[in-house]
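Here the structure is laid out as structure tokens; the discussion comes afterwards.
Bear in mind that the values in this text are calculations on the coordinates, not laboratory data. Everything quoted here is computed from the prediction, not taken from an experiment. All Cβ positions, glycine included, derive from the backbone under ideal geometry; neighbour counts span all protein chains shown.
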Amino acid sequence: MSAKNNFLTQTTENIRAFFRLLFLYRSAETENVSIEITTYCNFTCKMCYKYAYKIGDKHISPDVFKKINSELPKNIKKISLSGLGEGLMNPNIINYLHLCREKHPKALLDFTTNGNLFSDEITEDILCSPVDMVTFSLDTISVPIPEMGHKADDKIVSNIKKFALRIKECGSGIKLRLQSIVFSKEQVDEILEFASSIGVSIVNLIRMDTPSDMMYSRLPIKKFRDIFKRSRKWGKRKKIYVISSGYHSLPMRLASHFDKICLQYHNFLYFDVDGNALPCCVLRNYSFGDIMNLSLNEIWSSIKASKFFKKQRLLCKSCDVWRHSYSH
Ligand SMILES: C[S@@+](CC[C@H](N)C(=O)[O-])C[C@H]1O[C@@H](n2cnc3c(N)ncnc32)[C@H](O)[C@@H]1O
Ligand code: SF4
């Protein structure tokens with residue numbers, strides 16, 4: 001997809017989301033899911049929710065995965081095999097991508113990775129898989145960052161470069177996305193230059209969330225916004241789509257009722273490794289239902305799921321991942 005197509009698709013999605021949120025509707029059925037295929041991880045990043053919420057190590061069972069996949073609506077738009085863990089730790093990931101594609105030929109399939117486990121063999125397996133987009137969490141290449149974030153790692157940078165090269169060589173059409181927590185202008189500039197040098201389509205600039213007992217300081221909001229706006233301009237020149245869930249245009253601010261409504265929840269569900277349907281990866285104890293006992297339709301239309309929409313201001317008060325301003 002070209003930068004222009006990315007932009008058009010995203011604009012159409014934003015318009016739909018705008019009206020839905022403005023009038024406080026959820027989509028009729030789930031359109032976008034994340035399936036946590038593992039909570040094992042080969043890293044121990046300090047800022048990670050996995051450690052903040054003390055989540056133990058487990059792979060999703062094939063039965064739970066198959067049940068989720070079989071329940072997803074025919075017109076599901078996006079399936080991400082990502083959660084609070086490193087997807088490539090699950091040896092079934094490629095098989096799961098194939099199962100998703102067989103059942104949902106038109107869905108956008110993706111996963112997010114720290115990139116450390118890429119080998120020549122895994123690279124080829126992924127190239128032959130039906131994945132549409134691979135997101136690498138890359139917070140720095142060489143510019144020093146605070147102790148949070150994915151550490152600088154030459155092996156990861158080299159893995160990403162090799163993967164990008166193989167995508168070009170074999171014309172697989174897989175899109176590359178970089179996802180970086182914003183720490184400084186210099187760090188972001190380095191990430192953007194890297195993105196442009198290897199043919200990345202999307203750069204997602206994220207703001208670090210500091211859940212519950214995390215006491216890390218963050219960039220002043222003005223600084224974050226300045227860096228984002230500058231990067232977005234740069235992206236327009238380079239034809240790279242630079243996005244952030246933490247920066248809203250005026251229409252999206254209206255749609256979020258000025259930060260009272262989460263911009264993600266209206267069409268989204270998160271499945272944890274046990275098959276519980278959650279509003280997101282963070283609200284681990286707020287299950288709308290277990291997919292092994294209920295249909296997805298029952299879960300999505302449950303009173304608990306629709307009540308969540310109204311109660312979210314209270315439940316999500318400390319999370320500002322999808323807000324324009326900091327909540328704390
Ligand atoms: C939880 S990881 C899972 C996938 C994979 N292990 C990885 O690191 O890419 C998904 C994304 O969450 C982001 N993340 C983790 N903790 C965060 C926090 N406190 N605030 C914002 N983003 C965070 C990571 O940077 C990463 O891009
Ligand atoms: S951010 Fe990703 S790589 Fe880092 S600890 Fe969390 S799950 Fe693992």
Under the Karplus curve 6.51 cos²θ - 1.76 cosθ + 1.60, θ = phi - 60°, whole-Hz ³J(HN,Hα) for segment 306-320, x wherever Gly or Pro sits: 6, 5, 4, 4, 7, 8, 4, 4, 6, 5, 9, 5, 8, 9, 10
Most positive-pole-ward Cα, Tyr216, Leu21, Cys316, against dipole of the chain from beta carbon charges: Leu21
Assuming 0.890 mPa s and 25 °C, estimate D for segment 187-328 with Stokes-Einstein, Rh taken as the Kirkwood radius over Cα pairs, in µm²/s. 144 µm²/s
What's the local net charge at Ala152, with K and R +1, D and E -1, over the other residues with C-beta under 14 Å away? -4
Hits among lysines - C-alpha to C-alpha of Lys223 under 21 Å, sequence gap 8 or more where chains match: Lys185, Lys233, Lys236
In whole Å, how far is the Cα centre of segment 66-121 from that of segment 127-155? 18 Å
Report the extension gain between Leu254 and Asn14 in nm, rounded to one decimal, defined as 0.36 nm multiplied by the number of residues separating them, less their alpha carbon distance. 85.2 nm
Table column - 3J(HN,Hα) (Hz), segment 139-145, Karplus curve with 6.51, -1.76, 1.60, x for Gly and Pro: 9, 7, 9, 9, 5, x, 10
May I ask for log10 I(q)/I(0) of segment 61-158 at q = 0.14, 0.15 Å⁻¹, from a Debye sum over the Cα atoms as equal point scatterers with solvent left out? -0.59, -0.66
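Using Cα-Cα distances under 8 Å and only pairs 6 or more residues apart, what relative contact order does the chain have, in percent?
Values: 550 pairs, mean separation 68.3, N = 328.
Contact order relative to length: 21 percent.
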Within straight-line cross-link reach of Lys238, lysines at Cα separation under 17 Å, skipping those fewer than 8 residues along the same chain: Lys4, Lys175, Lys229
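Would you compute, from DSSP H runs of 4+ residues alone, the mean residue ellipticity of the chain at 222 nm, taking -39500 (n - 2.57) per run and dividing by the full residue count, rounded to the nearest 500? Display every interim value, and only then the final one.
Numbers: 11 runs with 126 residues, N = 328.
That calculation yields -12000 deg cm²/dmol at 222 nm.
Cut-off is 10 Å between beta-carbons; in what order do Lys50, Lys168, Lys238, Lys161 appear when sorted fewest neighbours first?
Lys168, Lys161, Lys238, Lys50
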Magnitude of the charge dipole, segment 98-235, Cβ model with Lys/Arg +1 and Asp/Glu -1, debye to 20: 780 debye
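What is the sum of charges around Val188, taking Lys and Arg as +1, Asp and Glu as -1, for the other residues whose C-beta is under 14 Å from the C-beta of Val188?
+3
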What are the semi-axes of the equivalent ellipsoid of the chain, taken as the square roots of 5 times the eigenvalues of the Cα gyration tensor, listed largest first and rounded to whole Å? 27, 25, 20
Any lysines whose Cα falls less than 19 Å from that of Lys103, other than same-chain ones fewer than 8 residues away, would be Lys66, Lys67, Lys74, Lys77, Lys78
